[in-house]
Structure formats: C-alpha cells, structure tokens
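> The structure follows.
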Amino acid sequence: MAVAARLWRLRGALAAPRVAACSSSSASAGGGRPPPVEELTSRRQAGGVRNIILNNPKKRNALSLPMLQSLREDLLHDIQSKDLRVIIISAEGPVFCSGHDLKELSSAEDVKHHSKIFELCAEVMTLIQKLPVPVIAKVNGLATAAGCQLVASCDIAVASEKSQFATPGVNIGLFCSTPAVALGRSLPRKVALEMLFTGEPLSAQEALMHGLVSKVVPEDKLEEETMKISQKICKSSKSVLALGKATFYRQMTQDLDTAYKITAQVMVDNLTLRDGQEGIEAFIQKRKPVWSHSLDQKK
C-alpha cells in the first residue's frame, strides 16, 4: 500500500465545500444595508503557527451554530499548506468558552435545529483530532460544558493558573453527554463522572493533575509557554507528525495486541518516508536534518 495512502486518509474529508464565512460580512454599513457582522473568530498565521481566536466575549464565546461554522472554516482553511505546522485555539475575554448558546437550545427552536447544532459540534471536535497538524488549546479563563469539551478534544492544552473547567449542564437539567465523550477519554472515569454529576469545576492545577491539560503557567507566561511548545513542534517533520498523530488516535481505540500490530506497521511505513530516512541519516552523521514538509512523500 502506498505510504501516502496510509499516511493520511483525511484528504477527501478535508476537501468538503467551504462554508460561507460566518466571521465576516460583505455588506457595508449605510445605504440601507445592515452593518457588518462582528467577527466570531479571527485567524492569523505566521512562522508555521495558526492562531484561531474565539472572538465573542460578550456572549462568553459560546459555541453557537455560527461560531461552530466559523471555527470549522478556520481549522480547515488551507489545511494542506506546507507552511502550516501547528494550530492554537484561544479566546478573547475572561471566559475561554461557555459551551453551547442556550438560546439556540430552547423550545423556540425545533428538534431538527437542535440536532444540527450537536452534529456540527461533534464534527468540529472530531475534526481537531483528524487534522494533520497538532492543535493546542491556550486557555485563560473558564471553560464549561462544550467549551470544556473543546479543551479536552485538543491534542495539547496549556492553561493559566486562573483557568477553571466544568460541565455544569446537570444543574440546568441538560446533562453534558456530548462533552462526556471527550472528558471520558481525557480524564479518569471517576473524575469525569464527578464533574458530570455535580457540575463542580476543576481548578487549573486539578485539571493538570488529572490530565485534562498539559501545563499550567502564570497568566503572564501563557503566551510564552504556548509559543515555546509550538516552535518546538515546527522544528519536526510535518509528515512524520501527521503520521504519528493519526496513528496515536487510531491505536487508542484498539486492544493491546492490535495496537502493537498497527503501530509496528506504521513504524515500517515511517522508515519509507524521505523524512524518516533523512532524520536517521542526520542523527548518524551528527548533523541537522532537512525536512521536506510534505505529506505526500515516497522513499
């Protein structure tokens, strides 16, 4: 089987039609036209690092349907670019993300609309783990319900000391069943269930202790630490990281024997990549490797 085929099966999925931009509007103010729609997310990229910022602090960066659509578009934008190496998700304001917009979940909307919201949310959460680059959550504040789910779905999470994490849906009669999917895969079962049953928040240090976040730093060091991790990732081969990320999530769903069979074959495939051979040769010769930054490599 061609290495490229094993390397990344996501190409077809990522070729889905782009949604209309939910973060901007072509209509200009005046002339009887509505004013521009305020951006729900913003995206900037430099040095291989894409920053996606949730940008609706007035509504506590709630994952409304338009917010989810905008986030999905920012994640998928030019995803195969050789210049993209890592994605960081952060937020404006004191709340990282408060979860779903409850107004969209009221009885004023029908079941079809409710289903659309949860289906898109699940799509975005699973997309994060299917992307060929690492995704880092940079959390500075409260992350609740689907916001906590977003943190748990990212590959890495760096949080400030003031951050908190909760699934309080039970307190308003809406059990956080979909956030439980990501929480149950990031936290020990009893810790996850205590969060889900009580709605009580975890502090940043508790989240670190139980594995929901990777690191906790003072607020004034959050940007520095997140960029330090990002820049380290940028020094590695993109194709090797893509293969490794895809394999990690694949083997996690398997029994031990199957997991080793899968990963042993992937190690062999990794050796057939140009970057795999280049890295080993560079190590032996004690020189710096030169990566191709391509996902479609052949020996």
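The values are calculated or read from the model by the stated rules, or taken from the named source; none is laboratory data. What you see is a predicted model, and the numbers here were worked out from it, not measured in a lab. As a convention, Cβ positions derive from the backbone with ideal geometry for all residues, glycine included, and neighbour counts pool all protein chains shown. Please note that ligands, DNA and RNA were not included when accessible areas were found on the heavy atoms of the full protein model with its side chains. Shrake-Rupley method; radii C 1.70, N 1.55, O 1.52, S 1.80 Å.
> Please work out which one of (1) part of a helix (DSSP H, G or I); (2) open to solvent by 40 Å² or more (accessible area, probe 1.4 Å) is the condition Gly279 fails and give its number.
(2)
> Next question, about the same structure. Hey, Ile284 hits all of (1) open to solvent by less than 50 Å² (accessible area, probe 1.4 Å); (2) of a type in the set (A, V, I, L, M); (3) without any contact (Cβ under 8 Å) to a residue 60 or more places away in the chain but one; which does it fall short on?
The single condition Ile284 does not satisfy is (1).
> Kindly provide the set of residues from region 200-220 that are touching a residue at least 12 places away in the same chain (Cβ under 8 Å), loosely packed, with under 15 Cβ neighbours inside 10 Å and within 28 Å of Gln45 (Cβ to Cβ), ordered by number.
Passing the criteria: Pro218, Glu219.
> Kindly establish whether Ser237 is in contact with a His (Cβ under 9 Å, 6 or more places away or on another chain) and modelled with pLDDT under 95.
So Ser237 fits the description; yes.
> Is it the case that Thr263 is among the polar types (S, T, N, Q), surrounded by 12 or more Cβ atoms within 10 Å (Cβ to Cβ) and more than 25 Å from the chain's Cα centre (by Cα)?
For Thr263, the condition - among the polar types (S, T, N, Q), surrounded by 12 or more Cβ atoms within 10 Å (Cβ to Cβ) and more than 25 Å from the chain's Cα centre (by Cα) - is not met.
> Quick check on region 242-257: of everything there that is of a type in the set (A, V, I, L, M) and open to solvent by 60 Å² or more (accessible area, probe 1.4 Å), which residue is farthest from Leu131 (Cα to Cα)?
My answer is Leu256.
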